[in-house]
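A.B. asks: Handing you this structure, nothing more for now.
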Amino acid sequence: MIVDYRSSEIPNDITADLIVIGGGAAGVTICREFIGRSEKVCLLEAGGFDYDEQSQDSYRGKNVGLPYFDLENCRLRYFGGSTNHWGGLCLRIEPADFKERSWIPLSGWPLTHEELSRFYQLAAEIVEIGEPRFDESLWNDLDTQPPQFDPHKLITRFGRDSPTRFGSQYREELKKAENITIYLNANVTKFATSAAGDHLDSVQISTYQGKHGSAKSNAFVLATGGIENARLLLNSDVTPSGLGNSSGLVGRCFMEHAHVSSGLVASGVDSALRVAFDKHPTNPGLNAFYAGWRAVHDRRFPEHPFGIAYNVLRHFETVATALYGKVAYNEFGKFLDPADLRSFNPHLALAPEVQEQEQVADICATLWGRRTGMMDVLVRLEPRPNPDSRVLLDDERDQLGLRRAVLDWRLMPEDRKTVAVFMKTLASELGRLEAGRVKIEEWVLNPASPWPASMYAGNHHMGTTRMSRDQDKGVVDPDCRMHDVDNLYIGGSSVFPTVGFSNPTFTIVSMSLRLAEHLKSKLT
Amino acid sequence: MEAKKLLPRRAFLLALTAVAFSLGLPFRRAAAQREVARSVRELMQAELPAARSIGHFYLSEPGHRQSAIETLKELQRLQLWRPADIARHIQARRRSDFSHGAVFVQDGWVFADIEARICAIIALT
């Protein structure tokens, strides 16, 4: 059943066996897992079925760190959440990413890749990507000979394109479910806990029209996104530092995938490299355009202080163009029908630099007897967990009386080393294979240089309620339950302790399936 | 950045071509030198200065002059007189250098160490 909480016919107070806050990828996935079961589940969605200026305004905030998108544009506050404008790229977090790396503070997941792998398998159906395969074997599907990189240095991974808009795709299914009720326009504004603050009794629900009520349950899941999860917890007046924040880590370790132009590759137009990374329109489900490489993080190799870098090669496209395209995408993404967004290309136009690259290509064609083109190396950077990169609260309040978010996105000096090591590894491998030559951007090699102005992010908000077995190093435990609150669970990428290079949604869905399984066992 | 440090893409690519086609030029037998020089001039026209420029960058770092001289001696010891032999030697060394991360980075362009040394030899002669 789906109802509008604003309606006078809907009671102010709700009781359920499980209350899920947030109707995005995580919340919808968890609710679907309870369809047909005996438990009564309520999903509280702050928005409606469509974009709404008033609702979206609660996402407005400030950026005080590295340049970032407007906070009201980089996520969506209506049913389906940010899947209403996501790019749809699915990748799995690599097995190695789950392991603790002694040279990266706060690294390591309190679960293994093996524990999550069966949920990845199930999640593939939900995001409609077919077989969850992302590795080198996909070259065969593309009938393309890949570069023969040393597998100890570089590995190739493919992104797979998902068409799924959770709000529209799963709406009818949830509407028909007798034990599920979705409350639209139901904003959670307050947490009511036991006197000790270690048990959540209910949450307060408010509308912009002045209706107030409560939702009471024995189990709650907060799944409102990587920025909003932190904002809601920090806004709580249960303790001066917010709810569930004895570690002081709520809002900290905010991570994003910085997308940054880090160099150029000169390569023959007819080379395997170019062919391999060209568009494959006959394989639309395989996003070879976004296929990329990762430097293997192995301490046997020198200068590995780092996580992982991931790169994308694009033909004749500049990162500046991509940045403007991304901003435009975020801007238009609020207003366009989610279905129409599929045809919206965020990488809109060619830039003047293309002409220069073409000229270089002509010179190489003369000298080498073959055409050569320049390709941009766009690194997608895995950041280190950095407690100073964080979501804070502003003094300004939204219409519901909640303090607005302030984002202080930061990267660390070691993150630049990640890029440098990756670029040198890429250069050496391409040089060894005679597949291309690399020019590394000056800022990569010069630690004193600022991060480039053309750097942009992926709308991936991660790490702000990080997972750890250790209460001092995390906000939630391995079951995604808050260390400090025994019946409040967190869904979404805010629990990721490290993030790899992969787009988060596929892992969000997988982790949500895992959380749903845990909740089922607890509630029965 | 100082003007002399700038290494345009065009210069880099041309220098690589110079390395590929004309390396070892100064220390070949005279007849071979003339023949190869003519071929290289036809191919490269005025692009040898690009290789020299890279060579000067390489030589400006401590210990690199000695490295370049050792490479020159090695080529002589191996009696690599013909351009094709030199090219094969360089190719093998290049792969080895890249495999082992023996690279020289100048203005962002990543050279195999052998390439930089050959450019240095050209600069020295």
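A.B. asks: If you scan the range A:401-425, which residues turn out to be basic (Lys, Arg) and at pLDDT 95 or above? Reasoning before the result, please.
C.D. replies: The first filter runs over the range A:401-425 and keeps only residues basic (Lys, Arg), leaving A:403-404, A:410, A:416-417, A:424.
Within the range A:401-425, A:Arg403, A:Arg404, A:Arg410 qualify.
A.B. asks: Has the range A:136-154 got at least one residue that is in a loop (DSSP other than H, G, I, E, B), surrounded by 20 or more Cβ atoms within 10 Å (Cβ to Cβ) and more than 14 Å from chain B (Cβ to nearest Cβ)?
C.D. replies: no
A.B. asks: Taking the conditions exactly as written (at pLDDT 95 or above, open to solvent by 60 Å² or more (accessible area, probe 1.4 Å) and not basic (Lys, Arg)), does A:Gln355 satisfy them or not? Working first, answer last.
C.D. replies: Values: at pLDDT 95 or above: no; open to solvent by 60 Å² or more (accessible area, probe 1.4 Å): yes; not basic (Lys, Arg): yes.
Against the criterion (at pLDDT 95 or above, open to solvent by 60 Å² or more (accessible area, probe 1.4 Å) and not basic (Lys, Arg)), A:Gln355 does not qualify.
A.B. asks: Please go through the range A:394-431 and give me each residue that is within 14 Å of another protein chain (Cβ to nearest Cβ) and of a type in the set (A, V, I, L, M), ordered by number. Walk me through how you get there before you give the answer.
C.D. replies: Initially, the range A:394-431 is screened for residues within 14 Å of another protein chain (Cβ to nearest Cβ), giving A:419-431.
If the condition is that a residue be within 14 Å of another protein chain (Cβ to nearest Cβ) and of a type in the set (A, V, I, L, M), then A:Val419, A:Ala420, A:Val421, A:Met423, A:Leu426, A:Ala427, A:Leu430 are the ones that fit.
A.B. asks: For the range A:185-215, which residues satisfy the criterion of being open to solvent by 30 Å² or more (accessible area, probe 1.4 Å) and aliphatic (A, V, I, L, M)?
C.D. replies: Those that are open to solvent by 30 Å² or more (accessible area, probe 1.4 Å) and aliphatic (A, V, I, L, M): A:Ala192, A:Ala195, A:Ala196.
Quick grid of which residues meet (1) over 22 Å from A:Val391 (Cα atoms); (2) in a loop (DSSP other than H, G, I, E, B):
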{"position": "A:Gly23", "(1), (2)": "no, yes"}
{"position": "A:Asp50", "(1), (2)": "yes, yes"}
{"position": "A:Lys62", "(1), (2)": "no, no"}
{"position": "A:Leu66", "(1), (2)": "no, yes"}
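A.B. asks: How about the range A:406-437: which of its residues are touching a Leu at 6+ places or on another chain (Cβ under 6 Å) and either of a type in the set (Gly, Ala, Ser) or free of Cβ contacts under 8 Å to residues at least 60 places away in the same chain (or both)?
C.D. replies: If the condition is that a residue be touching a Leu at 6+ places or on another chain (Cβ under 6 Å) and either of a type in the set (Gly, Ala, Ser) or free of Cβ contacts under 8 Å to residues at least 60 places away in the same chain (or both), then A:Ala435, A:Gly436 are the ones that fit.
A.B. asks: Here is a check on your reading of the model: is B:Ala123 modelled with pLDDT under 80, part of a helix (DSSP H, G or I) and either surrounded by fewer than 19 Cβ atoms within 10 Å (Cβ to Cβ) or more than 14 Å from chain A (Cβ to nearest Cβ) (or both)?
C.D. replies: On the way: modelled with pLDDT under 80: yes; part of a helix (DSSP H, G or I): yes; either surrounded by fewer than 19 Cβ atoms within 10 Å (Cβ to Cβ) or more than 14 Å from chain A (Cβ to nearest Cβ) (or both): yes.
Yes.
A.B. asks: Among the residues of the range A:95-135 satisfying the criterion of being among the hydroxyl-bearing types (Ser, Thr, Tyr), within 21 Å of the chain's Cα centre (by Cα) and assigned to a loop (DSSP other than H, G, I, E, B), which is surrounded by the fewest Cβ atoms within 10 Å (Cβ to Cβ)? Give the derivation first.
C.D. replies: Keep residues of the range A:95-135 that are among the hydroxyl-bearing types (Ser, Thr, Tyr), which gives A:102, A:107, A:112, A:117, A:120.
Applying the additional criterion that residues be within 21 Å of the chain's Cα centre (by Cα) yields A:107, A:112, A:117, A:120.
Cutting the leftovers down to assigned to a loop (DSSP other than H, G, I, E, B) gives us A:107, A:112.
Values: A:Ser107: 17, A:Thr112: 11.
Looking at the filtered set, the residue picked out is A:Thr112.
A.B. asks: In addition: Working only within the range A:157-176, note down all residues that are under 24 Å from A:Ile35 (Cα atoms) and either open to solvent by less than 10 Å² (accessible area, probe 1.4 Å) or in a helix (DSSP H, G or I) (or both).
C.D. replies: Correct list: A:Ser162, A:Thr164, A:Phe166, A:Gly167, A:Ser168, A:Gln169, A:Arg171, A:Glu172, A:Glu173, A:Leu174, A:Lys175, A:Lys176.
The values are calculated or read from the model by the stated rules, or taken from the named source; none is laboratory data. The structure displayed is predicted, hence computed values, not measured ones. Ideal geometry is used to build each Cβ from the backbone, glycine not excepted, and the neighbour counts take in all protein chains shown. Only protein heavy atoms, including side chains, enter the accessible area calculation; ligands, DNA and RNA are left aside. Shrake-Rupley method; radii C 1.70, N 1.55, O 1.52, S 1.80 Å.
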